[in-house]
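After the C-alpha cells below, expect a handful of questions from me.
Just so it is clear, none of the values below were taken in a lab; they were calculated from the coordinates. Everything quoted here is computed from the prediction, not taken from an experiment. Cβ atoms come from the backbone with ideal geometry, glycine included; neighbour counts cover every protein chain shown.
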Amino acid sequence: MSVEAPPKKPTEPPAKKVRSGEYLFLGKYRSLFAICLILAVAVHVLGLLAFGTYTLFKGATPRMPFTSQGGVPAEEVGMEAPAPEETPEMKEDPAMDSASADMPAESSLDQDTALATAGLTSSLPMASAPPSLTPPNSNASTGAEKMLAKPSARSGVKASTVNFFGVKGEGTNVYFVVDVSDSMVEQDKGGIEGYKNLKDKLGQMIQSLAPETNLNIAFYGDAVDLFMPSSVPATPENKQAAMKFLPRYMSSTTQRGNLLRNYRPTIGTLPALGGTSRMDLGLVAAFEGRADTIFVLTDGKPVIQRAMSDKEREEYRKKAADSEISAVDRQKYEKEIEEYRKKFQDYNEEIKKYREKYADKITEKARREAENRAKGKGKVIEGQGFVVDPVKIPGLPDAPKAPTAPAPPQAKAQGKAVAPPNLGNWRDDDILEYLKETIAGTYKKDGYELPSIHGVAFLAKPAEEKFLRSLASRNNGNFMRISAPIRESPPGT
C-alpha cells in the first residue's frame, strides 16, 4: 500500500537584506522625486532666461510727470465768417518780390484767408509732438542698443577732457547742445561771422577727442537737429563728418535755425504748443543717448509755450459745450464785415494807383533792399528773423495801409466769454524739475551714473543766465559766462 507524500509548501524567496539607511528617505518614491526636481530646475532656468531677454531688449521707458500726448485741440464753437467779395485782380510788379516793411504784397488773397478763418474757432493751434522728421535710413534705438551704449558695457571706451569755452569737463559719451535761435546771431553777439567763429572752436573741441570717446551734436531752436541718431566714436571718419555738419548752421542771414528737425523724443516731454528755444528737447536728446557729459551753450533760457493739462482741457471742453454766440453779436459782426469789405475795396484801388504812379521808385527801392539783404546789411531779431536795413527813396511816400479785419465774436456761457486760456510759458522751476525727473526716469532706472551738465552763457541777460547756472549746479556741472563776441582763433592755435 502506497503512502502519498504530504504536499510541499510553496517556496518563499529569501528575505532581502536591508542595508543601513536604505528606504529611510522617500523610500520607493525616490525616482519620482528626482524627476520632479529636474523639471523644477529646468522651469526656473527657462524663466530666468525669458526675464533676462525681456530686460535686455525692452526699449520703452515709463512716461514722466508733466507729460501729455497733446496740447489743446482746436475747438470750433460755431460761426464761420462770410467770405469777402472778390476784389479787382492786380498785376504785381516783379520788383515787389523783395520783402519791404512798408510795401505790402498782393493783399486780397491774404485778407480772403483772414476772413475765411475769422469765425469763432480757437486761436490756439493743434498741439502735437515737436516738429521733426526721422532721418533717412535710420531706425529708432532699440533697448539692446541702449544697453550696449552703456559705458560699462562698451568695449574700448576712453574718457576725453574738453575745454568748452572755458568750462572743463571729462566724459566717455559727450554731447554738445548748442543754441541756433535767431538771437544767437544778433549784431551785439558778432552776427553771422561771430557764429562762424563759435563753430570753428566747436570743431577744434571735436578734433581733440580721443577716438575711443563717443560724441554727438544737438543744435536746438524751435526743434532739434542731431548730427547722428545716436552718439558715435570720435574716429577720423566721424570727425570729418562732423566738420561737414557744422558749417551749414547759421551760415547766412537767410539760412538760420533748425535745418533737419530730425529728432523726435521717445520719452515724455513737457506738454507744449511750441517754443522759440527748446533747450529742453536738446537735453532730452542727450539723456536718451545716455550722455555722461553734456555741454550747453546759449544766450538765454528755454522758451516753451505751455499747453493745457488733461484736466484743464476737459474743463474747457465742458464750458465750450454750454456756450453760444448771441444773435445780437452775430448781427453786429456781420455789419462790421460789410464795412470792412468796402474799406478793403477802396484799399485795393489805392494800392493799384500807388504802384502805377511810383513804379520806377518802387523798383529802385526793391533793388537796393535786395543788395542790402545779399550783403547782410540788417539785423536778426528774435521772433522776426532777419530785418534788412530800411531804404529811403526821395519822392516815394509810404504805401497805403490795409484796413484791419474785425475780430469775430466770442461764444459766452452765462454772460462770460469762453475761450481757451492763454497759459503763457513754462516756468523755470517747472522745467528744471521736469529735467530732474526725466534724468531719474532714464539713467537711474537703467543703472547709469547721472550725467554732468555744464553751461556756458553767451552774452545772456542776468535773469536768463540764472537758469543755466541752476541747471549746472543741480547736475554736477560747471558754469561760465562769455561777455564778448567770440573772436577768430589766431593761426596755429
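What does the charge dipole of the range 244-326 about its Cα centre add up to, to the nearest 20 debye, if the Cβ of each Lys and Arg holds +1 and the Cβ of each Asp and Glu holds -1? Intermediate values should be presented prior to the final figure.
Details: 14 positive and 10 negative charges, 80 e Å.
It works out to roughly 380 debye.
In nm, give the distance between the simple-model label positions of Lys168 and Leu39, each being 7 Å from the Cα along the Cα-to-Cβ direction.
6.7 nm
From the square roots a ≥ b ≥ c of the eigenvalues of the alpha-carbon gyration tensor of the range 171-290, which class results: rounded (a/c under 1.5), prolate (a/b over b/c), or oblate? Walk me through the intermediate numbers first.
On the way: a/c = 2.09, a/b = 1.08, b/c = 1.94.
The shape class here is oblate.
Based on C-alpha coordinates, I'd like the Rg and Dmax of the range 394-493, in Å.
Final numbers for Rg and Dmax: 24.6, 74 Å.
Related question: Classify the range 218-373 as rounded, prolate or oblate from the Cα gyration tensor: take a ≥ b ≥ c as the square roots of its eigenvalues, call it rounded if a/c is under 1.5, otherwise prolate when a/b beats b/c and oblate if not. Can you show the working numbers first?
Values: a/c = 4.48, a/b = 1.35, b/c = 3.33.
Oblate is the answer for the range 218-373, as a/c is 1.5 or above yet b/c matches or exceeds a/b.
Now a separate question. Of Lys201/Lys461; Lys189/Lys461; Lys353/Lys401; Lys301/Lys466; Lys199/Lys244; Lys357/Lys392, which pairs sit farther than 19 Å apart, going by alpha carbon to alpha carbon?
On the way: Lys201/Lys461 23 Å; Lys189/Lys461 12 Å; Lys353/Lys401 13 Å; Lys301/Lys466 9 Å; Lys199/Lys244 11 Å; Lys357/Lys392 17 Å.
Over 19 Å Cα-Cα: Lys201/Lys461.
Right, another one. Find out how many positive minus negative residues lie around Gly477, taking Lys and Arg as positive, Asp and Glu as negative, among other residues whose Cβ is under 11 Å from that of Gly477.
With Lys, Arg at +1 and Asp, Glu at -1, the net is +3.
At a Förster distance of 51 Å, what's the computed FRET efficiency of Ser326 paired with Glu237, Cβ-Cβ distance as r, to 0.05? Before the final figure, lay out each step's value.
Working: r = 69 Å, r/R0 = 1.35.
Efficiency, from the Cβ-Cβ distance: 0.15.
Given a Förster radius of 45 Å and the C-beta distance between Glu334 and Thr266 as r, what FRET efficiency does 1/(1 + (r/R0)^6) yield to the nearest 0.05? Walk me through the numbers on the way to the answer.
Working: r = 49 Å, r/R0 = 1.10.
The pair Glu334/Thr266 has a calculated efficiency of 0.35.
Figure the gain on full extension for Lys444 and Gln255 (residue separation times 0.36 nm, minus the Cα-Cα span) and round it to one decimal in nm. Write down the numbers at each step before the final one.
Details: separation 189, 0.36 × 189 = 68.04 nm, distance 3.95 nm.
That pair, Lys444 and Gln255, stretches by 64.1 nm at full extension.
Also, I was wondering about something else. Could you tell me the center-to-center distance, by alpha carbons, between the range 366-417 and the range 302-340 in angstrom?
27 Å
While we're on this one: Out of residues 5 or more away from Ala272 or on other chains, whose amide H comes under 5 Å of its own, with H placed 1.01 Å from N in the peptide plane?
Amide H neighbours of Ala272: Ala307.
Further question on the same structure: Would you please state the base-10 log of I(q)/I(0) at q = 0.17 1/Å for the range 302-450, with intensities from the Debye formula using one equal scatterer on every alpha carbon?
Values, matching the q order: -1.06.
Which of the GluC sites (Glu not before Pro) found in the range 436-493 are loop residues per DSSP with 13 or fewer other Cβ atoms within 10 Å of their Cβ?
Values: sites: Glu437, Glu449, Glu464, Glu465, Glu488; in loops: Glu449, Glu488.
Hits after loop and neighbour filter: Glu449, Glu488.
Multiply the residue separation of Lys357 and Asn197 by 0.36 nm, subtract the distance between their alpha-carbon atoms, and state the gained length in nm to one decimal.
Numbers: separation 160, 0.36 × 160 = 57.60 nm, distance 4.73 nm.
Going from the current span to full extension adds 52.9 nm.
If you don't mind, another one. Counting Lys and Arg as +1 and Asp and Glu as -1, each charge on the Cβ, what is the dipole of the range 152-286 about the Cα centre in debye, to the nearest 20? Display every interim value, and only then the final one.
On the way: 14 positive and 12 negative charges, 62 e Å.
Dipole of the range 152-286, to the nearest 20 debye: 300 debye.
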